[in-house]
Amino acid sequence: MFKHFMKIVVLAAACILAPVASWASTCDESGASSADIDLWNTHGCWQAFYNWQYQQYNLGSDKWGSDGWNDACNVNKEFPKMWNAAYLVTYGLADNPNQSFHGTTDYRQLAEGPNSNFKDAVYYAPTSDTSIYGSFTYHWPGEDEIDLSCLLFEPSDSHSNPASRAGDFMHEGWHGWLTEGDWNNGSCGGHYCGPDGDCSWSGCDYFYFHGIGAYAFGALWQTDGTANRFHSPNQVQVEFLCDVSDQPQGWVPQSVRSAAAVDADYRAVTRFINGPGYECGEPRPW
Amino acid sequence: MRNRSIFGMLCMGVLSTVLPGAALGSQNPPSRQAPPRFKTRPPSAATSPVRIPILRLARPIPELAATDVPPAASVARFIERASMARVDERDAIRAVIVRARGNLAVSRALAATVFNTRTADFTRTLTSLAVLGELRNPTSEAALTSFVRMPLPTQGHLVEGEVAERITLEELQMKAVQGLAYAKTRSANAEVLRVIAQHPSRPVRAEAIEAYLYNHRYSAAAKAKLLTVVHSDERIFIDRPHMLPTTTKEDFNGQLSRYLASHPELRAPALRSHHLVSARIDRIKDAAAIPQPNLQPPALR
């Protein structure tokens with residue numbers, strides 16, 4: 001009886017102490033990708049923005065303290081790269097109703113921290129787990145968690161650029177939408193187990209095709225409860241990346257747009273069971 | 001990737017044992033209001049000097065084949081500036097590249113840049129490949145051909161079951177094959193068709209198909225040619241909808257309708273859910289009452 005009681009006490013202590021372990025998260029901070037630097041140079045480290053962003057994305061010094069929290073203008077660090085990507089989401093899209101899949105209001109609500117039509121409240125944390133790009137973890141009680149892997153911050157990886165990083169906000173945020181709606185998107189980390197059909201990955205989705213204008217800006221969260229009006233995490237990510245590539249604000253650097261296009265096009269032909277998604281970007285070299 | 005917090009569930013079980021009165025038995029989580037702001041100290045730029053905005057966008061576009069510096073330096077300077085180019089600078093950048101087309105030393109320096117940076121900075125290499133492809137001369141064609149023929153890594157860092165180094169090279173080869181298709185010489189076209197038939201990467205093959213069609217104006221003859229080399233299970237790539245700068249909403253939606261009509265396999269199956277759809281739609285109606293985020297970002301300068 002006493003041993004059983006002690007096991008419970010030890011486990012309860014672990015529950016209390018577990019958050020301390022997250023302090024150790026640190027990635028390679030030796031540099032930044034050209035795309036990160038190019039976007040950075042359009043704002044030159046904007047203090048008012050990152051002071052807004054850390055609140056709106058629920059970032060805290062407890063999770064980001066050793067990852068650039070006190071070095072917010074150093075683009076080599078994780079927190080500055082995080083808010084650089086958020087800057088792209090907040091200001092970087094043209095919202096062209098004749099060509100954009102969705103609008104800034106959709107992507108912002110999906111990425112940002114507060115409870116919204118899209119999902120329950122989330123917070124973001126960096127993780128040194130490089131077997132993933134990102135993850136969504138449902139918590140009860142409390143806010144859900146989105147972890148961003150070091151791969152999104154280290155310049156040699158193809159996903160370490162503002163567009164792909166922000167694309168991950170959308171992907172993981174959409175897991176929040178699925179969770180909120182109690183949708184079953186498969187048993188392999190919130191995806192269907194693969195390879196399957198046209199999907200060559202271990203985690204696969206369906207593409208629920210829709211035309212331009214099918215969703216008014218702000219209506220991405222809506223579904224009619226059928227496959228006719230629905231999205232999957234990889235689909236939302238592809239559509240966001242296409243909008244960065246093809247419908248950006250005029251000042252979004254070429255390196256960011258180009259990285260968005262190739263990420264979207266790679267994902268569109270590797271992640272969907274029912275066939276390839278749209279081709280984004282003009283396939284001319286420049 | 002989505003996780004259920006097993007640890008959290010375990011903790012709840014433990015706490016419910018320790019605190020028998022705790023109300024932890026509900027199947028569904030209660031709806032949550034807007035989260036309280038983290039009780040956190042704000043971020044700061046204290047430990048490194050505040051960067052002065054380097055608004056290099058105001059700089060004029062340098063020549064790719066400049067005469068005041070060696071070719072390698074000229075290429076590096078141009079790539080840095082081209083990388084940050086705005087949308088409305090596209091034609092100006094293209095014009096500069098065309099002016100360098102006959103400069104062999106610059107072409108070689110650019111090709112060397114592509115191979116030297118490919119494992120260090122992905123986005124810089126993408127930009128270098130774009131310039132190399134737009135250069136459209138024999139040196140660039142040879143370099144791009146070598147690049148798309150580089151073997152894909154079979155070992156490396158595993159991410160979600162895939163080799164990260166392979167993904168990086170595949171995405172760069174997708175960019176390289178655009179340059180080959182744009183060259184449109186007899187040898188470059190032959191290489192693009194070889195890629196479509198034989199390249200080990202499906203995304204590279206798919207990009208080669210799209211680039212070939214784009215450079216042949218999506219003609220019936222080009223589609224017929226592709227049907228002679230494309231994998232039988234990849235014919236669908238010939239019909240994919242694409243969004244070009246001139247594509248209108250009506251054009252795109254028309255492409256999509258034809259795509260779906262031609263390929264009924266694209267229709268996704270009925271949704272799966274944990275609970276009844278009607279209950280979920282009620283939740284969606286409830287969700288409509290949630291106000292939009294009210295904390296506005298600072299106005300863009």
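Assess whether B:Arg186 counts as being surrounded by fewer than 20 Cβ atoms within 10 Å (Cβ to Cβ) and either more than 29 Å from B:Asp91 (Cβ to Cβ) or aliphatic (A, V, I, L, M) (or both). Talk me through it step by step, then tell me what you get.
Working: surrounded by fewer than 20 Cβ atoms within 10 Å (Cβ to Cβ): yes; either more than 29 Å from B:Asp91 (Cβ to Cβ) or aliphatic (A, V, I, L, M) (or both): no.
Answer is no for this residue.
Scanning the stretch A:156-171 for residues that are crowded, with 24+ Cβ neighbours inside 10 Å and at the interface with another protein chain (Cβ under 8 Å from one of its Cβ atoms) returns A:Asp157, A:Ser158, A:Ser160, A:Asn161. Got at least one residue in the stretch A:87-94 being modelled with pLDDT under 95, of a type outside the set (A, V, I, L, M, F, W, C), in contact with a helix residue (DSSP H, G or I) (Cβ under 8 Å, 6 or more places away or on another chain) and crowded, with 20+ Cβ neighbours inside 10 Å? No, that holds for no residue.
The criterion of being facing chain A (nearest Cβ under 9 Å), under 26 Å from B:Ile209 (Cβ atoms), surrounded by 24 or more Cβ atoms within 10 Å (Cβ to Cβ) and over 17 Å from the mean Cα position of the chain (by Cα) does not hold for B:Ala130.
If the condition is being outside any loop (DSSP other than H, G, I, E, B), open to solvent by 10 Å² or more (accessible area, probe 1.4 Å) and within 20 Å of B:Glu80 (Cβ to Cβ), then the stretch A:249-261 contributes A:Gln254, A:Arg257, A:Ser258.
Let's see how each residue does on (1) part of a loop (DSSP other than H, G, I, E, B); (2) within 7 Å of another protein chain (Cβ to nearest Cβ); (3) open to solvent by less than 40 Å² (accessible area, probe 1.4 Å):
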residue: A:Asn185; (1), (2), (3): yes, no, yes
residue: A:Asn228; (1), (2), (3): yes, no, no
residue: A:Val236; (1), (2), (3): no, no, yes
residue: A:Cys242; (1), (2), (3): no, yes, yes
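Evaluation of A:Tyr123 against the conditions (1) open to solvent by 10 Å² or more (accessible area, probe 1.4 Å); (2) within 15 Å of B:Met1 (Cα to Cα); (3) at the interface with chain B (Cβ under 8 Å from one of its Cβ atoms); (4) touching a Gly at 6+ places or on another chain (Cβ under 8 Å) shows that the sole unmet condition is (2). Entry remark, the stretch B:94-106: residues being within 12 Å of another protein chain (Cβ to nearest Cβ) and touching a residue at least 40 places away in the same chain (Cβ under 8 Å) number 1 in total. Does A:Thr42 meet the test of being under 19 Å from A:Ser160 (Cα atoms), in a helix (DSSP H, G or I), within 16 Å of the chain's Cα centre (by Cα) and at the interface with another protein chain (Cβ under 8 Å from one of its Cβ atoms)? No: the conditions fail for A:Thr42. Does A:Thr137 qualify as being open to solvent by 10 Å² or more (accessible area, probe 1.4 Å), farther than 15 Å from A:Met82 by Cβ and part of a strand (DSSP E or B)? So A:Thr137 fits the description; yes. Applying the selection to the stretch B:142-163, what residues are farther than 23 Å from B:Thr113 by Cα and touching a residue at least 40 places away in the same chain (Cβ under 8 Å)? Passing the criteria: only B:Glu160. Answer yes or no as to whether A:Cys199 is modelled with pLDDT of 95 or more, more than 9 Å from every other protein chain (Cβ to nearest Cβ) and over 26 Å from B:Met243 (Cβ atoms). Criteria not met by A:Cys199. Scanning the stretch A:262-274 for residues that are open to solvent by 10 Å² or more (accessible area, probe 1.4 Å) and of a type in the set (A, V, I, L, M) turns up A:Val262, A:Ile273. Every listed requirement among (1) facing chain B (nearest Cβ under 9 Å); (2) without any contact (Cβ under 8 Å) to a residue 40 or more places away in the chain is met by A:Asp129 save one, (1).
Give me a count of the residues in the stretch A:275-286 that are facing chain B (nearest Cβ under 7 Å), open to solvent by less than 10 Å² (accessible area, probe 1.4 Å) and not in a strand (DSSP E or B). Talk me through it step by step, then tell me what you get.
Residues of the stretch A:275-286 facing chain B (nearest Cβ under 7 Å): A:275-276, A:278-280, A:282-286.
Within this subset, residues satisfying the condition of being open to solvent by less than 10 Å² (accessible area, probe 1.4 Å) are A:275-276, A:278-280, A:283, A:285.
Checking which are not in a strand (DSSP E or B) leaves us with A:275-276, A:278, A:280, A:283, A:285.
So the count comes out to 6.
Could you tell me whether any residue of the stretch B:200-208 is touching a residue at least 40 places away in the same chain (Cβ under 8 Å), farther than 24 Å from A:Gly203 by Cα and more than 9 Å from chain A (Cβ to nearest Cβ)? No: the stretch B:200-208 contains no residue that is touching a residue at least 40 places away in the same chain (Cβ under 8 Å), farther than 24 Å from A:Gly203 by Cα and more than 9 Å from chain A (Cβ to nearest Cβ). Residues in the stretch B:219-244 that are assigned to a loop (DSSP other than H, G, I, E, B) and open to solvent by less than 70 Å² (accessible area, probe 1.4 Å): 8 in all. Selection of the stretch B:107-141 for residues being in contact (Cβ under 8 Å) with a residue 24 or more places away in the chain, outside any helix (DSSP H, G or I) and not basic (Lys, Arg) yields B:Thr119, B:Asn137.
The values are calculated or read from the model by the stated rules, or taken from the named source; none is laboratory data. Every value quoted in this text rests on a predicted model; they were computed, and no experiment measured them. Every residue, glycine as well, gets a Cβ built from its backbone with ideal geometry; the counts of neighbours run over all protein chains shown. These area figures cover heavy atoms from the full protein model, side chains too; ligands, DNA and RNA do not enter into them. Shrake-Rupley method; radii C 1.70, N 1.55, O 1.52, S 1.80 Å.
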